[in-house]
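Working notes for the structure below.
None of the figures in this text is laboratory data; all of them are computed from the coordinates on show. Predicted model, so just to flag it, every value in this text is computed and none were measured. Please note: Cβ atoms are built from the backbone with ideal geometry, for glycine as well, and neighbour counts cover all protein chains shown.
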Amino acid sequence: MPYRYRVSLEETDNGDTEKRRLVFDTVNHDDIFSVIDRIAAKSVLPADETAEFAVGLKLFGEIMLRHRGDPLFQELLGQVGAFIRKLKALEDRSPADAEA
């Protein structure tokens, strides 16, 4: 079942220029909120970077899958797939364990 999302990106501080905003709808084969929770449980990144990493990875991964026949993405498929398998295989650990 595809999951549907609305993504919003808003500049918060960019000097004197007018702040820009981007909003777009997207579909993903995974529940991105669940992915964020699973990555957070592994404590592979600081807590304040987990959502940023997970959302970026899932948005990029979905585009890569949609365009897997494009030579631009073909080279990355195996490498990104191996990275994701390695990430999934990591054991859950507490944030204290991650610092040790």
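Scanning the range 12-59 for residues that are more than 13 Å from the chain's Cα centre (by Cα), assigned to a helix (DSSP H, G or I) and under 16 Å from residue 87 (Cβ atoms) turns up 41, 42.
Could you please find all residues in the range 29-55 being of a type in the set (A, V, I, L, M) and surrounded by 12 or more Cβ atoms within 10 Å (Cβ to Cβ)? If the condition is that a residue be of a type in the set (A, V, I, L, M) and surrounded by 12 or more Cβ atoms within 10 Å (Cβ to Cβ), then 32, 35, 36, 39, 40, 41, 44, 45, 51, 54, 55 are the ones that fit.
If you check 73, 53 for being touching a helix residue (DSSP H, G or I) at 6+ places or on another chain (Cβ under 6 Å) and aromatic (Phe, Trp, Tyr), only one passes: 73.
The residue of the range 56-72 that is farthest from residue 34 (Cα to Cα), among those that are without any contact (Cβ under 8 Å) to a residue 40 or more places away in the chain and either charged (D, E, K, R) or surrounded by 16 or more Cβ atoms within 10 Å (Cβ to Cβ) (or both), is 70. Taking the criterion of being part of a helix (DSSP H, G or I) and among the small types (Gly, Ala, Ser), the residues of the range 60-85 that qualify are 61, 78, 81, 82. Close Cβ contacts (under 7 Å, 6 or more residues apart or on different chains) running from residues in the range 19-45 that are of a type in the set (S, T, N, Q) to residues that are buried (at least 16 other Cβ atoms within 10 Å of the Cβ) and part of a helix (DSSP H, G or I) comprise 26/59; 28/58; 28/62.
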